[in-house]
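For reference, the structure is listed below as structure tokens.
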Amino acid sequence: MKEIASGASLLLLIQGVGGIINRLAGGGPSWFLVNYIEALQGYEIIASIILVILGAIIGVGSLKIKDKVD
């Protein structure tokens, strides 16, 4: 479970930071998720900031998950 949370955290952080950089650099076509969600058009930077915050929250939460030793 800890690995899944850490992976999700990393993915959200990459999508968020990359989306912010992409929008500030001109917003060309890219592989960042917020560019392809029609409802977020015009709010890409805000959505990317939210992704960064969610990634950070999940990352901190994953540090508190104890590994289960069998």
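What the table below lists for this structure:
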| item | result |
| --- | --- |
| Any chance S48 is assigned to a helix (DSSP H, G or I), in contact with a Lys or Arg (Cβ under 6 Å, 6 or more places away or on another chain) and open to solvent by less than 50 Å² (accessible area, probe 1.4 Å) | no |
| Inter-residue pairs, beta-carbon under 7 Å, first among the aliphatic types (A, V, I, L, M) and in segment 1-14, second surrounded by fewer than 14 Cβ atoms within 10 Å (Cβ to Cβ) and not in a helix (DSSP H, G or I), 6+ apart | M1/I65; A5/I65 |
| Scope segment 16-55; condition closer than 30 Å to K66 by Cβ and without any contact (Cβ under 8 Å) to a residue 40 or more places away in the chain; matching residues | G16, V17, I50, L51, I53 |
| Unique residue being surrounded by 13 or more Cβ atoms within 10 Å (Cβ to Cβ), outside any helix (DSSP H, G or I) and out of contact with any helix residue (DSSP H, G or I) (no Cβ under 6 Å at 6 or more places or on another chain) when the list is G42, G27 | G27 |
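The values are calculated or read from the model by the stated rules, or taken from the named source; none is laboratory data. Remember, predicted model here, so these are calculated numbers, not experimental data. Cβ coordinates were reconstructed from backbone atoms using ideal geometry, including for glycine residues, and neighbour counts include every protein chain displayed. Just the protein is used for accessible areas: all its heavy atoms, side chains included, with ligands, DNA and RNA removed. Shrake-Rupley method; radii C 1.70, N 1.55, O 1.52, S 1.80 Å.
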